[in-house]
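K.L.:
Before anything else, here's the structure in question.
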Amino acid sequence: MPGLVIVGAQWGDEGKGKVTDLLAERADVVVRFQGGNNAGHTIVRDGETWKLHLIPSGILHPGTLCVIGNGVVIDPKVLTDELDELRRRRVDTTSLRISANAHLIMPYHLMLDHAGEAKLGKLQIGTTRRGIGPCYADKAARLGIRVQDLLDEKILKKKIVAALEPKRLSLRPFAKDPRLDLQTMTEEYLLYGHRLEPHIADTSRLVLEHLDDGQIVVFEGAQGALLDIDHGTYPFVTSSNPVAGAACIGAGVGPKDIDEVWGVSKAYVTRVGAGPFPSELDGQLADDLRERGGEYGTTTGRSRRVGWLDLVALRYAARINSLTALVVTKLDVLSGHDRLKLCTHYRGAEGAEFDYFPYHQTVLHHAKGEYVELRGWSEDLSECREESDLPTAAREYLQFVSEFVGVPITLISVGPGREQVVWTQTSVAGSEGPTLSHA
């Protein structure tokens, strides 16, 4: 049962969409298992740029079944707009399936998200204000509205009333907003239900049928391990679990259905929003990496904070995800620097040294990176297709990363195009890419 999970090994934005797109060529099913439209995957194919927020990256491959799992929270307006845009660009979307158990982002979730962040002032978490957190909160409080509720007007209306009741005080500033009118909201969401009904399914059963048939299923994560609500830099995290274990919960499969876990990491590191960042850079060097790497959010357009590759955090991500392979993206962005740094330890506020990711937030918030320095390279990597094409210094850089983290590197990205990759000799099938074949 060849199940492969793709997770972000940093604070998100690592290039998971491109990796999933490459694997989708050989996969039978691609499953998105958590998060919402606070995530975005950018894919460049044949000179065209595709920006996906909810629909799995496999949608660009005819015949690949694409699943939005029960662990995802869905803004139906965003999803229908995304479907319309794909159809406008002549992409067949009939292979999309949506879990009937996935929860829906409602208008009041967006309002609560905006109001909550504004109230925090300088203590803002830095959410995308897409209603993700309030939707997951309602899910946990058993006040959530699910995709299947769109198919029953009576149930939908009752559930909206029940969900609004405990929020009346918080929503008072929006009392005159027409989006909160019960009849308007019900009719709007019933219309979404009518449009999405052909795609709604028991996706857990569907995915398991393909696994039992020995087909290839890629589980596509959003965000990154360091944004995990349990294992990330809380409270500066997302509202779901982007780690590999969540693929089972968010797709409705069991642990034995997972065979491989690939962690995607940039050759440096970025994060969006507030929160600790021990290896953060500023000044001209940060600006240069940001511009060369195009470090602006797919969903929000926000500029990303930039830093040297943090190996302490990457090793932590490898541990909590049981990574079997690493994918290193944007190696080409580092070209042109005489010297490069890698963060191998943290130094605490009182001088203590940490070679592991601190569990205490006070320690982490004051930690600064300690570095080893490696020689850089000046060569353009965009045409490299074999490991031997890479400059010696680039190979040394990758070797140091792999040995420090204790996970082999299977794939290297050297440009935005899907053809701009190097499959390493440690990958399952060498330079031709992984062996993804039916059992």
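The values are calculated or read from the model by the stated rules, or taken from the named source; none is laboratory data. Owing to the predicted nature of the structure, the values given are computational and were not obtained by experimental measurement. Every residue, glycine as well, gets a Cβ built from its backbone with ideal geometry; the counts of neighbours run over all protein chains shown. Just so you know, the surface numbers come from the protein's heavy atoms only, side chains and all, with ligands and any DNA or RNA stripped out. Shrake-Rupley method; radii C 1.70, N 1.55, O 1.52, S 1.80 Å.
K.L.:
To the nearest 10 degrees, how steeply does helix 182-196 sit against the main Cα axis of the chain, on a 0 to 90 scale?
P.N.:
60
K.L.:
Quick one: dipole size for the chain, taken about the Cα centre, charges +1 on Lys/Arg Cβ and -1 on Asp/Glu Cβ, in debye to the nearest 20. Walk me through the intermediate numbers first.
P.N.:
On the way: 49 positive and 59 negative charges, 346 e Å.
Its charge dipole is roughly 1660 debye.
K.L.:
Connecting C-alpha atoms closer than 10 Å in a GNM of the chain, tell me which of Asp228, Asp92, Asp21 has the biggest fluctuation.
P.N.:
Asp92
K.L.:
Farthest toward the dipole's positive end in region 1-84, which of Leu22, Thr42, Gly8, given Cβ charges of +1 (Lys, Arg) and -1 (Asp, Glu) about the Cα centre?
P.N.:
Selected residue: Gly8.
K.L.:
Using the Karplus curve 6.51 cos²θ - 1.76 cosθ + 1.60 with θ = phi - 60°, what ³J(HN,Hα) values do you get for each residue of region 359-369, in whole Hz, with x for Gly and Pro?
P.N.:
Calculated HN-Hα couplings, in order: 7, 8, 5, 5, 5, 5, 5, 9, 6, 10, x Hz.
K.L.:
Could you look at the chain and say what percent of its accessible area is carbon and sulfur, using a 1.4 Å probe and all protein chains?
P.N.:
Details: 9290 of 18580 Å².
Whole-percent figure for carbon plus sulfur exposure: 50.
K.L.:
Let me ask another. Just for region 271-392, what percent of DSSP beta bridges are antiparallel, to the closest 5? Intermediate results must be reported in sequence, preceding the final value.
P.N.:
Details: 13 of 15 bridges.
Expressed as a percentage, antiparallel bridges in region 271-392 total about 85.
K.L.:
Using just the helices of the chain, give the 222 nm mean residue ellipticity in deg cm²/dmol: DSSP H runs with n ≥ 4 each add -39,500 (n - 2.57), and the total is spread over all residues, rounded to 500. Don't skip to the answer; put the middle values down first.
P.N.:
Values: 12 runs with 130 residues, N = 439.
Mean residue ellipticity, 222 nm, calculated: -9000 deg cm²/dmol.
K.L.:
Tell me which of Ile320, Leu112, His194 sits at the most positive position along the dipole axis of the chain, charges placed on C-beta atoms (Lys, Arg +1; Asp, Glu -1).
P.N.:
My answer, from the dipole projection, is Leu112.
K.L.:
What is the calculated FRET efficiency for Arg87 to Leu182, with r their C-beta to C-beta distance and R₀ = 30 Å, to the nearest 0.05?
P.N.:
0.45
K.L.:
Compute the long axis of helix 107-120 from its Cα atoms, compare it with the longest principal axis of the Cα atoms of the chain, and write down the angle in degrees, 0 to 90, nearest 10.
P.N.:
50
K.L.:
Now for a separate question. Going by amide H atoms built from the backbone, whose H comes under 5 Å of the H on Ile200, apart from near neighbours?
P.N.:
Correct list: Ile98.
K.L.:
Do you know the relative contact order of the chain, to the nearest whole percent, from alpha carbon pairs under 8 angstrom that are 6+ apart?
P.N.:
Working: 993 pairs, mean separation 87.6, N = 439.
Relative contact order, the chain: 20 percent.
K.L.:
Moving on to the next point. Write down the percent of antiparallel bridges among all DSSP beta bridges whose residues are both part of region 1-72, to the nearest 5.
P.N.:
Details: 5 of 10 bridges.
Percentage antiparallel, nearest 5: 50.
K.L.:
Now a separate question. If the reach is capped at under 23 angstrom between alpha carbons, list the lysines near Lys157, excluding any in the same chain fewer than eight residues apart.
P.N.:
Straight-line reach from Lys157, under 23 Å: Lys77, Lys139, Lys167, Lys176.
K.L.:
What ³J(HN,Hα) values, in whole Hz, does the Karplus curve 6.51 cos²θ - 1.76 cosθ + 1.60 give for region 45-51 when θ = phi - 60°, with x put for Gly and Pro?
P.N.:
9, 6, x, 9, 9, 10, 10
K.L.:
Rolling a 1.4 Å sphere over the protein heavy atoms, what is the accessible area per residue of the chain, to the nearest Å²?
P.N.:
Values: 18580 Å² over 439 residues.
Value returned for the chain: 42 Å² of accessible area per residue.
K.L.:
How do 358-365, 130-137, 74-81, 176-183 rank on mean C-beta neighbours within 10 Å, highest first? Walk me through the numbers on the way to the answer.
P.N.:
Numbers: 358-365: 13.9, 130-137: 23.4, 74-81: 19.2, 176-183: 11.2.
My ranking of the peptides, most packed first, is 130-137, 74-81, 358-365, 176-183.
K.L.:
Could I ask something else about it? With label points built 7 Å along Cα→Cβ from the Cα atoms of Glu209 and Lys158, find their separation and express it in nm.
P.N.:
3.0
K.L.:
Give me the net charge of Ala393's neighbourhood, meaning all other residues with Cβ under 15 Å from the Cβ of Ala393; Lys, Arg count +1, Asp, Glu -1. Kindly include the intermediate steps, with their values, before the conclusion.
P.N.:
Working: positive: Arg339, Lys341, Arg375, Arg395; negative: Asp332, Asp338, Glu373, Glu379, Asp380, Glu387, Asp389, Glu396.
Here the count lands on -4.
K.L.:
Moving on. For a Förster distance of 41 Å, can you work out the FRET efficiency between the beta-carbons of Ser303 and Ala201, rounded to the nearest 0.05?
P.N.:
Step by step, r from the Cβ atoms, then E = 0.60.
K.L.:
Where does helix 153-164 land angle-wise versus the long Cα axis of the chain, in degrees 0 to 90, nearest 10?
P.N.:
70
K.L.:
Now for a different question. What are the residues whose amide H is under 5 Å from the amide H of Arg45, where those residues sit 5 or more places off or on another chain and H is modelled from the backbone?
P.N.:
Answer set, sorted by chain and number: Trp50.
K.L.:
Now a separate question. Does region 146-244 come out rounded, prolate or oblate by the C-alpha gyration tensor, with a ≥ b ≥ c the root eigenvalues, rounded set by a/c under 1.5 and, if not, prolate when a/b is larger than b/c and oblate if not?
P.N.:
Numbers: a/c = 3.19, a/b = 1.32, b/c = 2.41.
Oblate, because a/c is 1.5 or more while a/b does not exceed b/c.
K.L.:
Enumerate the amide H contacts of Glu379 below 5 Å, restricted to partners 5 or more residues apart or on another chain; note that Pro and chain-start residues carry no placed amide H.
P.N.:
Gly336
K.L.:
Pull up the DSSP beta bridges for the chain and report the antiparallel fraction as a percent, rounded to 5.
P.N.:
Values: 24 of 60 bridges.
Expressed as a percentage, antiparallel bridges in the chain total about 40.
K.L.:
State the answer as a single residue: which of Leu156, Gly221, Thr238 lies farthest towards the positive end of the charge dipole of the chain, with beta carbon charges of +1 for Lys and Arg and -1 for Asp and Glu, about the Cα centre.
P.N.:
Leu156
K.L.:
Here is a follow-up. Report ³J(HN,Hα) in whole Hz for each residue of region 222-231, in order, from the Karplus equation J = 6.51 cos²θ - 1.76 cosθ + 1.60 where θ = phi - 60°; Gly and Pro get x.
P.N.:
Running phi through 6.51 cos²θ - 1.76 cosθ + 1.60 with θ = phi - 60° gives 10, 6, x, 4, 7, 9, 5, 5, 9, 10 Hz.
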